[in-house]
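Comments concern the structure below.
The values are calculated or read from the model by the stated rules, or taken from the named source; none is laboratory data. Every value quoted in this text rests on a predicted model; they were computed, and no experiment measured them. Here the Cβ is made from the backbone with ideal geometry for all residues, glycine too, and neighbour counts use every protein chain on show.
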């Protein structure tokens, strides 16, 4: 049976308009140090909507609406972190939204999300901080009409995926291609570029409950996506602590790598 025109076409990697499921900036202090980031209000200019405060090193965070999503800033033993994610789960009266509307429960365009988060994340660090390791994590989504369309996108991104049989399902692939960069006072830092690709179906879950009633998780609409997870991070065994200047320089380098990967269709740029 001849294939339709739609099934014969495939998305070119550089034409993929990636949407952002989440975006985080993580910092790991030197061993044994307890580090607390700046307050949410100092970082965003507004009061947080959620506060969980415990004495260090117990986990604490502040969070609130930011841009098209929600930003949390917090610390736990061995790390501080800023995370941009979609808004909280849908309210009970939103459960019956169409699948097209539910698709918008991501943060939006990746480039814009990075433009909004990066200046904010830099404010998380105080001038007296030093760090042992830094990371930027990104989860990108590309909605597709069907599982078959998802695998066509994967084949366009990944050289090794081009041999996946037409009937193939449940594909997942992970690869790290390190590079080196230089910052002030440190000539060579290894940067891990760990990427993971998969295609599948996403179901949005909604929390239903209220005063006097137990909270329940209710399944919402499902849709097909291609998903790319990035973890761009400095080497774990770096011999020198990163100074405040180094921290900002490295974050800019990590963000540039994430942007380049997204612009290259979710594959390592040359």
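Between 256, 213, 199, the distinction of being out of contact with any helix residue (DSSP H, G or I) (no Cβ under 9 Å at 6 or more places or on another chain) and at pLDDT below 90 belongs to 213 only. Residue-level check: of (1) assigned to a loop (DSSP other than H, G, I, E, B); (2) in contact with a strand residue (DSSP E or B) (Cβ under 9 Å, 6 or more places away or on another chain); (3) surrounded by 13 or more Cβ atoms within 10 Å (Cβ to Cβ), residue 169 misses just (3).
Here is a yes/no grid of residues against (1) surrounded by 14 or more Cβ atoms within 10 Å (Cβ to Cβ); (2) within 28 Å of residue 252 (Cβ to Cβ); (3) without any contact (Cβ under 8 Å) to a residue 60 or more places away in the chain:
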| residue | (1), (2), (3) |
| --- | --- |
| 150 | yes, no, no |
| 157 | yes, yes, no |
| 163 | no, no, yes |
| 191 | yes, yes, no |
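Filtering 49, 91 for residues that are more than 21 Å from the chain's Cα centre (by Cα), farther than 25 Å from residue 29 by Cβ and modelled with pLDDT of 90 or more leaves a single hit, 49. Hey, does the stretch 180-196 have a residue that's touching a helix residue (DSSP H, G or I) at 6+ places or on another chain (Cβ under 6 Å) and over 24 Å from residue 267 (Cα atoms)? Yes; the residues of the stretch 180-196 include at least one that is touching a helix residue (DSSP H, G or I) at 6+ places or on another chain (Cβ under 6 Å) and over 24 Å from residue 267 (Cα atoms). Of the residues making up the stretch 142-149, none is at pLDDT 90 or above and out of contact with any helix residue (DSSP H, G or I) (no Cβ under 9 Å at 6 or more places or on another chain). Within the stretch 94-125, being modelled with pLDDT under 95, surrounded by 13 or more Cβ atoms within 10 Å (Cβ to Cβ) and assigned to a loop (DSSP other than H, G, I, E, B) holds for 95, 97, 103, 104, 105, 106, 107, 108. The set of residues in the stretch 46-60 being under 20 Å from residue 107 (Cα atoms) and out of contact with any helix residue (DSSP H, G or I) (no Cβ under 7 Å at 6 or more places or on another chain) consists of 46, 49, 50. Within the stretch 181-191, track down each residue that is farther than 30 Å from residue 226 by Cβ and part of a strand (DSSP E or B). Listed by number, the residues that qualify are 182, 183, 186, 187, 188, 189. Scan the stretch 61-73 and give yes if some residue there is touching a residue at least 40 places away in the same chain (Cβ under 8 Å) and not in a strand (DSSP E or B), otherwise no. Yes, some residue in the stretch 61-73 is touching a residue at least 40 places away in the same chain (Cβ under 8 Å) and not in a strand (DSSP E or B).
I'm checking my understanding of the structure. Among residues of the stretch 226-253 that are touching a helix residue (DSSP H, G or I) at 6+ places or on another chain (Cβ under 7 Å) and not in a helix (DSSP H, G or I), which one is surrounded by the most Cβ atoms within 10 Å (Cβ to Cβ)?
The first filter runs over the stretch 226-253 and keeps only residues touching a helix residue (DSSP H, G or I) at 6+ places or on another chain (Cβ under 7 Å), leaving 226, 230, 232, 234, 242, 248, 251.
From what is left, the residues that are not in a helix (DSSP H, G or I) are 226, 230, 232, 234, 242.
Numbers: 226: 25, 230: 22, 232: 22, 234: 25, 242: 28.
Applying the filter and picking the extreme gives 242.
Taking the criterion of being under 16 Å from residue 72 (Cα atoms) and either out of contact with any helix residue (DSSP H, G or I) (no Cβ under 6 Å at 6 or more places or on another chain) or without any contact (Cβ under 8 Å) to a residue 40 or more places away in the chain (or both), the residues of the stretch 11-34 that qualify are 21, 22, 24, 26, 27.
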